[in-house]
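The values are calculated or read from the model by the stated rules, or taken from the named source; none is laboratory data. Computed from a predicted model, the values in this text were never measured in an experiment. All Cβ positions, glycine included, derive from the backbone under ideal geometry; neighbour counts span all protein chains shown. Remember, those area values only see protein heavy atoms, side chains included, never the ligands or the DNA or RNA. Shrake-Rupley method; radii C 1.70, N 1.55, O 1.52, S 1.80 Å.
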Amino acid sequence: MFPNILKAEFAAIHYGKQHITDEDIAAVATTLRSDYLTQGPKIAEFESAFAEYVGAKYAVAVANGTAALHLCTLALGVNEGSKVITTPITFAASANCVRYCGGQVVFADIDPETATLDIDKVRDWLSEAPKGTYAGIIPVDFAGYAVNLEAFRSLADEYGLWIIEDACHAPGGFFTDSQGIRQHCGNGTFADLAIFSFHPVKHIACGEGGAITTNSKELYEKLLMLRTHGITKDPALMHENHGGWYMEMQELGYNYRLTDFQAALGLSQLKRADEGLARRREIAKRYDEAFANTKVLPLTPPQDGGHAYHLYVIQVADRKGLYDYLRSKNIFAQVHYIPTHLMPYYQQFGYKNGDFPLAESYYRQCLSLPMYPTLTHEEQDYVISQTKSFCSQ
Ligand SMILES: *Cc1c(COP(=O)(O)O)cnc(C)c1O
């Protein structure tokens, strides 16, 4: 399926890259020739296939991952009085979704071993405030490492909080719970809602696209309505019925729909998701082996085979030096992430350098090396040798 793995020619090597096959193109073309461009049969097909893939009861396909996050905070009733805890090491949208509803973002520092939200720091915030102060927690499966949501669920239950799992990096990822059961990211066992992105650098590409998964029928129905302007045409839900044309706008919703041809692309990509995930894990293993006993320190969270490797992150002392050196060698590594609390927008709320020392120190050293299923062995070997050669200077 990845015939180029052993091919020698390469130009620029980026940190992530989509993989579009003739089959994907044919699937999109078929949908473009059909009667539906938006909200046709491919949406429902994609939603049920994706829900099945992650092991959740329901999936709602939306315009992008950010729209998915916004619909989650809306559905959970975030408002001006809501305080929500999340990690500073994530894409800004994980925090922004709270602001869209006027809520307050409270960051907590990371566990340096995994670069994910440190549950002990979250517990500190919760135990220091009167009960009822916080509304929810948004943990992020950073880089593809599945957060232990069983632990977050029991903490959340203690304080009556909801959980939105930002699983954008981790379709197919899992953690092993206390019963020894593999809990896949987004399966809805512990989180109220989970969100995914189908941006081209993520595992499954729709162009733009996203999904929310859940096991709650009530939240699912709310999300469907919010995705389409807050409008329902379901006679069972309407207050009145004037005839065939009649519909009711019952809440302030949005147009966050995905198109049918994007869903066709997602559906076609989903068929290769397991294969792509296996390649990502294989690439990570090759990096791990190559960097053992060198000055290149991979971020290696505890292993149970469940890492989904959206990113392969290393930590090095001279990160800027390595970044610039790799660029000069046509290797476009990337930094994930500049801590969200240090963004000028969040600094207006009083956040500043020094607030979350572990996140800040992680940021100074982190670099994401190329990681995508069609990365060839030769390209990877070139990345490895250039990285090692800079770091051994
Ligand atoms: C990509 C991403 C998002 C946003 O997804 P879009 O589809 O780009 O809107 C949110 N959270 C995380 C962690 C992401 O990586």
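Odds and ends about this structure:
- Relative contact order, percent, the chain [alpha-carbon distance under 8 Å, six or more residues apart]: 24 percent
- Net charge dipole size for segment 22-270 [Lys, Arg +1 and Asp, Glu -1 on Cβ; Debye, nearest 20]: 340 debye
- Dipole of segment 257-393, positive end: most advanced residue of Asn293, Gln347, His336 [Cβ charges, Cα centre]: Gln347
- Taking Phe196, Phe349, Phe332 as the candidate residues, the one with maximal mean-square fluctuation in a Gaussian network model of the chain, Cα springs under 10 Å, is Phe349.
- Estimated from the Cβ-Cβ distance and a Förster radius of 25 angstrom, the FRET efficiency linking Lys329 and Asp22 is about 0.20.
- Peptides ranked, highest mean first, by Cβ atoms within 10 Å: ranges 15-23, 111-119: 111-119, 15-23
- Choice from Ala108, Ala44, Ala167 showing the highest fluctuation, given a GNM over the chain with Cα pairs closer than 10 Å: Ala44
- Solvent-accessible area, 1.4 Å probe, carbon plus sulfur percent, for the chain: 52 percent
- 222 nm mean residue ellipticity, helices alone, for the chain (DSSP H n ≥ 4; -39,500 (n - 2.57); rounded to 500): -11000 deg cm²/dmol
- Between Thr374 and Ala292, the simple spin-label model (points 7 angstrom out along Cα→Cβ) gives 3.2 nm.
- When Trp125, Trp245, Trp162 are compared by accessible area of protein heavy atoms, the largest-first order is Trp245, Trp125, Trp162, using a 1.4 Å probe.
- Overall, segment 171-313 carries a charge dipole of about 640 debye about its Cα centre when +1 sits on the Cβ of Lys and Arg and -1 on the Cβ of Asp and Glu, all other atoms neutral.
- Relative counts (whole %) of C-alpha pair distances in segment 22-270, using bins that are 10 Å wide: 8, 31, 34, 19, 7, 1
- Here the gap between Ala11 and Lys285, fully extended at 0.36 nm per residue and compared with their Cα-Cα distance, gives a gain of 96.3 nm.
- Ordering of 139-149, 76-86 by burial proxy (mean other Cβ atoms within 10 Å per residue, highest first): 139-149, 76-86
- Extension gain (nm, one decimal) between Tyr254 and Ala44, 0.36 nm per residue minus Cα-Cα: 73.7 nm
- Accessible surface for segment 125-185, divided over its residues, is 36 Å² per residue with a 1.4 Å probe.
- Accessible solvent surface per residue of segment 273-393, calculated while the other protein chains remain in place, 1.4 angstrom probe, Å²: 44 Å²
- Were the residues from Lys83 through Tyr100 laid out at 0.36 nm apart, the gain over their Cα-Cα distance would be 4.8 nm.
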